[in-house]
Amino acid sequence: MAGEMTEILDSTAIQRALTRIAHEILERNKGVDNLVLIGIRTGGDYLAAELQQKIAEIEGVKVPLGTVDITMYRDDLGHRSNLEVGQTDIRFPLNDRCVVLVDDVLFTGRTIRAAMDALVDLGRPRTIQLAVLIDRGHRELPIRPDYVGRNLPTSRSEQIEVQFNAQRGPIGVNLFK
Amino acid sequence: MNFAHRHVLGIKQFNAEELNFILDTAKSFKEINTRKIKKVPTLRGRTIVNLFFEASTRTRTSFEIAGKRLSADTVNISASSSSVVKGETLEDTARNIEAMHPDIIVMRHSASGACHYLAERLDCSVINAGDGTHEHPSQALLDAVTMIQHKGQLAGLNVAIIGDITHSRVVRSNIDLLHKLGASVRIAGPKTMLPPGLERLGCKVFSRVAEALEGADVVMMLRIQLERQGKTLIPSLREYSRYFGLNEKNLALAKPDAIIMHPGPMNRGVEISSAVADGAQNVILDQVENGVAVRMALLYLAAGGEKQNHDADEGDIHEQLAD
Amino acid sequence: MNSLLIKNGRVLDPANEIDAQLDLLVVDGRVAAIGKNLSAAGAQIIDAEGLLVTPGLVDMHVHLRDPGLEYKEDIISGTAAAAAGGVTSIACMPNTRPVIDNLAVCRYIINKAKEQGTANVFPIGSITQGLKGEMLAEMGELKDGGCVAFSDDGVPVVSSELMRRAMEYADTFGAPIISHAEDLSLVGGGVMNDGPVATELGLKGIPWVAEDAMSARDIMLAEFTGAHLHLAHVSTRGSVELVRLAKARGLRVTCEATPHHFTLTDEAVRGYNTNAKMNPPLRAQGDVDAIRAGLADGTIDAIATDHAPHHIDEKNVEFAVALNGIVGLETLLPLTLRLVEQGIIELSQAIALLSCQPAAILGIDRGTLTQGAVADIALIDPYFSWQVEPTKLRSKSKNTPFGGWKMKGAAVKTILAGKLVFER
């Protein structure tokens with residue numbers, strides 16, 4: 001990745017943000033009943049696992065966790081060379097569940113659109129909420145996050161990257177100019 | 001990885017890394033087939049023509065289901081193989097279909113090299129669903145997925161393939177794939193059905209089935225037909241069954257956990273006894289199931305592979321989606 | 001008096017064992033003299049410095065497709081291709097429509113070639129009427145009418161009894177039988193050489209034994225009848241060995257090989273290249289080596305093209321349904337000269353294989369520069385570099401597997417009975 005790098009969040013700041021989001025999710029949904037976490041591959045699924053852990057620390061309950069791969073739902077096939085197709089792994093029914101969709105960086109909203117299409121193909125959730133670590137703006141679709149770690153105004157040309165360690169723990173968010 | 005193939009003409013065109021990529025992709029598509037709503041919008045708006053010059057219910061159905069599960073519009077065309085008799089050449093037939101702007105043509109033809117011929121002349125993607133006695137890549141790939149499903153990996157496996165090798169396109173694709181991914185292949189059959197050069201392709205060749213079966217991890221039986229291209233290669237099905245068929249007795253020579261495969265349709269009592277065909281080691285239905293996933297993967301990859309030299313805005317779209 | 005003086009060339013006339021820097025004088029269409037520092041008042045002079053001056057080449061195996069299949073080739077285009085290849089005499093095979101099994105067709109070909117052609121054309125009559133392998137053709141009348149040999153080329157004479165009678169009958173009139181040696185039951189539906197490449201491509205193979213078995217039968221019939229048997233386009237190691245053995249035993253057996261069979265192997269078929277589809281098929285490296293050895297030791301008497309023009313629509317199809325054969329007249333000379341460059345045969349041997357030797361088999365008074373002979377002459381630049389561009393071939397058909405090949409050597413002037421018929 002070219003250009004200048006600025007650290008936006010360090011590991012501690014990320015943990016603080018995720019802890020807050022976990023509390024907000026529980027508050028908004030009045031507990032863990034019917035709650036499930038679905039992370040978007042790859043990045044969002046790691047963060048969803050972190051949130052599951054935090055919710056368990058607060059409530060003592062491990063909410064169901066799944067991952068969704070949106071490659072098959074992208075709207076740009078034929079405009080790129082082939083992307084690897086990952087597996088969607090959701091081992092519980094989604095019908096009437098309160099789904100919290102988790103992603104690392106929210107940008108145009110197209111990924112979230114694709115993820116919602118994928119979820120709807122798997123069942124009929126009662127609600128879908130969206131949790132993201134970073135919202136960098138520049139939305140192209142009418143999509144709004146319910147839980148945000150940090151709002152970060154960016155220019156289009158900048159890039160945001162969430163770094164994970166080998167244990168899939170988030171260790172930093174960096175901005176590249 | 002950069003998968004740079006617009007056409008799928010044979011296993012020969014792929015290296016090991018590409019083959020693994022296809023197999024991994026197929027694994028991801030397999031999950032969709034277990035869902036209640038077995039459909040994703042990936043190929044929405046794409047048109048796939050299944051152009052079959054030879055009757056083949058199962059391969060055609062498998063490709064059709066694969067296309068439909070990817071939301072493509074699939075059209076089946078059964079054409080006569082003897083286009084020469086009709087006075088229309090293969091190229092003319094294909095050009096007529098191409099004029100309707102399909103994105104992918106899936107073709108089955110009785111002439112070896114027919115798909116190759118078409119791919120050289122048309123702009124759309126061509127997927128080989130079996131050409132003469134040349135290749136049948138999707139079958140070899142679904143066989144590989146099935147072997148991996150049961151054996152973990154292909155490397156180190158001993159695969160015995162028994163039957164009419166000369167007239168089998170499945171075998172040619174399988175030999176190439178298995179060798180590229182580290183398995184070893186043993187071939188057995190009457191010498192009338194063993195073509196020259198199998199050793200040069202790296203196979204161990206036996207005329208006795210027992211020798212090929214000994215210690216095998218996978219046993220693949222091929223369909224036998226008494227008449228092939230007007231030639232009698234064996235005296236009778238009865239004798240074939242006795243000396244080259246798979247039964248409970250000679251199956252015991254293979255590893256106890258060996259799996260039994262067959263590209264179908266089976267001739268019970270000829271190349272495979274009913275007891276074996278219905279036995280626990282048989283994975284033939286897994287092959288069929290994996291066939292749909294493999295074909296979804298091939299359609300997906302062929303569709304995405306069509307713009308390798310991407311246009312200027314690709315980078316932009318890519319970045320926008322990186323959210 | 002019309003005279004032509006070719007000066008300073010390297011005159012190569014294997015029949016007379018001439019190979020020297022000499023002048024050659026042609027008067028009234030015949031060779032008048034060969035010698036040093038010749039001069040002739042009023043003669044047109046050609047400076048052949050750096051060129052070979054050889055007898056016009058003789059190609060004893062050509063399909064002219066005329067009459068009946070003129071969309072592939074006709075006598076005019078076929079002889080134009082010949083002239084461009086340095087070939088002044090061709091023997092044409094009888095599988096025209098109608099077949100050369102009657103005097104009318106034979107005369108039609110000879111007359112049209114004389115009136116409109118740029119090479120001598122010697123028809124080969126069919127062995128059996130209509131190439132059907134049933135009744136003998138009227139060989140006596142055909143021979144008198146100008147046929148130089150008899151062949152059912154394209155199909156074998158299946159019946160051994162009929163082949164025996166054909167040899168006996170043709171020998172009565174002093175004409176050789178040219179055998180297309182192929183056991184059809186062994187060919188089956190084969191479309192290329194049987195072997196590892198066929199296995200990989202999934203194409204039905206034609207095993208070498210299909211040719212060897214029939215060559216052996218015909219050689220035995222030649223021994224039995226005492227007739228002159230000529231095997232067309234030998235392509236296998238076994239055929240070469242059988243001919244070598246027959247010659248050692250003193251039989252009247254000769255044979256020819258084609259440039260493609262001593263240049264290419266069945267690897268050329270990869271990619272389903274229909275221009276590598278011919279009959280007999282391109283064989284394995286061992287066969288190619290055997291043919292080269294047979295050319296070197298004199299087992300093989302002639303190099304002939306089996307020039308087989310086909311329309312693009314007959315080749316631009318699936319491999320299995322494509323027609324057999326390639327054009328060869330315009331690549332005959334450079335492909336033969338490659339053998340010289342590779343040290344397999346001597347230059348004089350190459351010219352003999354392309355001139356006096358095939359002429360002797362057919363019993364025609366061509367292929368030499370003997371004083372008094374018809375002045376059919378090729379002026380060859382053995383170092384002329386060129387690239388085969390199928391579209392630029394003079395033949396009507398462009399079915400060559402050598403498209404794009406860099407060639408060395410070409411006829412720069414071709415002279416037919418003292419007249420310039422081609423100039424590069």
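The residue list C:L203, C:L186 contains one member that is within 14 Å of chain B (Cβ to nearest Cβ) and either among the hydroxyl-bearing types (S, T, Y) or in a helix (DSSP H, G or I) (or both), which is C:L186. With respect to the stated conditions, B:P256 fails to be open to solvent by 10 Å² or more (accessible area, probe 1.4 Å), touching a Ser or Thr at 6+ places or on another chain (Cβ under 9 Å) and more than 14 Å from chain A (Cβ to nearest Cβ). Among the residues making up the range A:119-150, those that are open to solvent by 50 Å² or more (accessible area, probe 1.4 Å), under 30 Å from B:I37 (Cα atoms) and within 15 Å of the chain's Cα centre (by Cα) are A:I128, A:R144.
Condition check for B:E91 on (1) in a helix (DSSP H, G or I); (2) closer than 23 Å to B:D286 by Cα: one failure, at (2). Selection of the range C:300-317 for residues being part of a loop (DSSP other than H, G, I, E, B) and open to solvent by less than 10 Å² (accessible area, probe 1.4 Å) yields C:I300, C:A304, C:T305, C:A308, C:P309.
Looking only at residues in the range C:224-264 that are touching a residue at least 60 places away in the same chain (Cβ under 8 Å) and among the β-branched types (V, I, T), the one that is nearest to C:H310 (Cα to Cα) is C:T258.
Within the range C:31-82, the set of residues being under 18 Å from C:D376 (Cα atoms), part of a loop (DSSP other than H, G, I, E, B) and at pLDDT 95 or above comprises C:A48, C:L51, C:G56. Select, from C:I380, C:I351, C:I344, the only residue that is among the β-branched types (V, I, T), at pLDDT 95 or above and surrounded by fewer than 22 Cβ atoms within 10 Å (Cβ to Cβ). After applying the criteria, what remains is C:I344. Counting the residues of the range A:52-73 that are touching a Leu at 6+ places or on another chain (Cβ under 6 Å) and open to solvent by less than 10 Å² (accessible area, probe 1.4 Å) gives 1. Which of (1) within 20 Å of A:L35 (Cα to Cα); (2) part of a loop (DSSP other than H, G, I, E, B); (3) open to solvent by less than 60 Å² (accessible area, probe 1.4 Å); (4) more than 11 Å from chain B (Cβ to nearest Cβ) does A:D96 not meet, given it meets every other one? Failing condition for A:D96: (3).
Elements of the type strands (runs of 3 or more DSSP E) sitting completely within the range B:123-197 and holding at least 3 residues that are more than 30 Å from B:I97 (Cα to Cα): these cover B:158-162, B:184-188.
The residue pairs whose first member lies in the range A:106-133 and is within 10 Å of chain B (Cβ to nearest Cβ), whose second member is open to solvent by less than 10 Å² (accessible area, probe 1.4 Å) and of a type in the set (F, W, Y), and whose beta carbons are closer than 8 Å, counting only pairs six or more residues apart or on different chains, are A:A114/A:Y73; A:D117/A:Y73; A:A118/A:Y73; A:V132/A:Y147. In the set (1) open to solvent by less than 50 Å² (accessible area, probe 1.4 Å); (2) closer than 30 Å to B:I22 by Cβ; (3) of a type in the set (A, V, I, L, M), the condition left unmet by A:A17 is number (2). Filter the range C:318-357 down to residues that are in a helix (DSSP H, G or I) and closer than 20 Å to C:E73 by Cβ and give me whichever is farthest from the other protein chains (Cβ to nearest Cβ). If we take residues in the range C:318-357 being in a helix (DSSP H, G or I) and closer than 20 Å to C:E73 by Cβ, then C:L333 is farthest from the other protein chains (Cβ to nearest Cβ).
Scanning the range C:118-131 for residues that are surrounded by 18 or more Cβ atoms within 10 Å (Cβ to Cβ), out of contact with any helix residue (DSSP H, G or I) (no Cβ under 6 Å at 6 or more places or on another chain) and not in a strand (DSSP E or B) yields a total of 2. Here is the figure for the range B:265-297: residues that are more than 18 Å from B:G163 (Cα to Cα), surrounded by fewer than 14 Cβ atoms within 10 Å (Cβ to Cβ) and either β-branched (V, I, T) or without any contact (Cβ under 8 Å) to a residue 12 or more places away in the chain (or both) total 3. Can you pull out the residues in the range C:190-220 that are buried (at least 23 other Cβ atoms within 10 Å of the Cβ) and hydrophobic (A, V, I, L, M, F, W, C)? Once the filter is applied, which keeps residues that are buried (at least 23 other Cβ atoms within 10 Å of the Cβ) and hydrophobic (A, V, I, L, M, F, W, C), the range C:190-220 yields C:V191, C:M192, C:A198, C:L201, C:L203, C:I206, C:W208, C:A210, C:M214, C:I219. Here the condition is being in a loop (DSSP other than H, G, I, E, B), open to solvent by 20 Å² or more (accessible area, probe 1.4 Å), over 30 Å from C:S355 (Cβ atoms) and modelled with pLDDT of 95 or more; of C:E134, C:E161, it holds for C:E134 alone.
Within the range B:18-32, the presence of a residue that is open to solvent by 20 Å² or more (accessible area, probe 1.4 Å) and outside any helix (DSSP H, G or I) is excluded. If we scan the range B:196-213, do we find a residue that is open to solvent by less than 40 Å² (accessible area, probe 1.4 Å) and touching a Pro at 6+ places or on another chain (Cβ under 9 Å)? Yes. Any chance the range B:71-81 includes a residue that's open to solvent by 30 Å² or more (accessible area, probe 1.4 Å), within 14 Å of chain A (Cβ to nearest Cβ), touching a residue at least 24 places away in the same chain (Cβ under 8 Å) and not in a strand (DSSP E or B)? Within the range B:71-81, not a single residue is open to solvent by 30 Å² or more (accessible area, probe 1.4 Å), within 14 Å of chain A (Cβ to nearest Cβ), touching a residue at least 24 places away in the same chain (Cβ under 8 Å) and not in a strand (DSSP E or B). Among the residues of the range A:51-58, is there at least one that is β-branched (V, I, T) and either closer than 24 Å to A:E158 by Cα or facing another protein chain (nearest Cβ under 9 Å) (or both)? No: the range A:51-58 contains no residue that is β-branched (V, I, T) and either closer than 24 Å to A:E158 by Cα or facing another protein chain (nearest Cβ under 9 Å) (or both).
Here's the yes/no breakdown for (1) buried (at least 24 other Cβ atoms within 10 Å of the Cβ); (2) within 14 Å of another protein chain (Cβ to nearest Cβ); (3) touching a helix residue (DSSP H, G or I) at 6+ places or on another chain (Cβ under 8 Å):
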{"position": "B:R108", "(1), (2), (3)": "yes, yes, yes"}
{"position": "B:C115", "(1), (2), (3)": "yes, yes, no"}
{"position": "B:A119", "(1), (2), (3)": "no, yes, no"}
{"position": "B:C124", "(1), (2), (3)": "no, yes, yes"}
{"position": "B:D131", "(1), (2), (3)": "yes, yes, yes"}
{"position": "B:S138", "(1), (2), (3)": "yes, no, yes"}
{"position": "B:A144", "(1), (2), (3)": "yes, no, yes"}
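Among the residues examined, C:C255 does not qualify as surrounded by fewer than 24 Cβ atoms within 10 Å (Cβ to Cβ) and under 13 Å from the mean Cα position of the chain (by Cα).
Just wondering, is there one or more residues in the range A:30-42 that are within 14 Å of chain B (Cβ to nearest Cβ), more than 30 Å from B:C124 (Cα to Cα) and open to solvent by less than 10 Å² (accessible area, probe 1.4 Å)? Yes - at least one qualifying residue is present in the range A:30-42. Residues that are free of Cβ contacts under 8 Å to residues at least 40 places away in the same chain and in a loop (DSSP other than H, G, I, E, B): does the range B:209-220 have at least one? For the range B:209-220, residues free of Cβ contacts under 8 Å to residues at least 40 places away in the same chain and in a loop (DSSP other than H, G, I, E, B): absent. Looking at the range B:147-165, is at least one residue out of contact with any Leu (no Cβ under 9 Å at 6 or more places or on another chain), within 12 Å of chain C (Cβ to nearest Cβ) and at negative phi? Within the range B:147-165 (the criterion being out of contact with any Leu (no Cβ under 9 Å at 6 or more places or on another chain), within 12 Å of chain C (Cβ to nearest Cβ) and at negative phi), the answer is no, since none of the residues qualifies. The lone criterion from (1) over 21 Å from C:G202 (Cα atoms); (2) touching a residue at least 12 places away in the same chain (Cβ under 8 Å); (3) part of a helix (DSSP H, G or I) left unmet by B:I105 is number (3).
The values are calculated or read from the model by the stated rules, or taken from the named source; none is laboratory data. On a predicted model such as this, the values are computed, not experimentally measured, just so you know. All Cβ positions, even for glycine, are placed from backbone atoms using ideal geometry, and neighbour counts span all protein chains on display. The accessibility values were calculated without ligands, DNA or RNA, using every heavy atom of the protein model including side chains. Shrake-Rupley method; radii C 1.70, N 1.55, O 1.52, S 1.80 Å.
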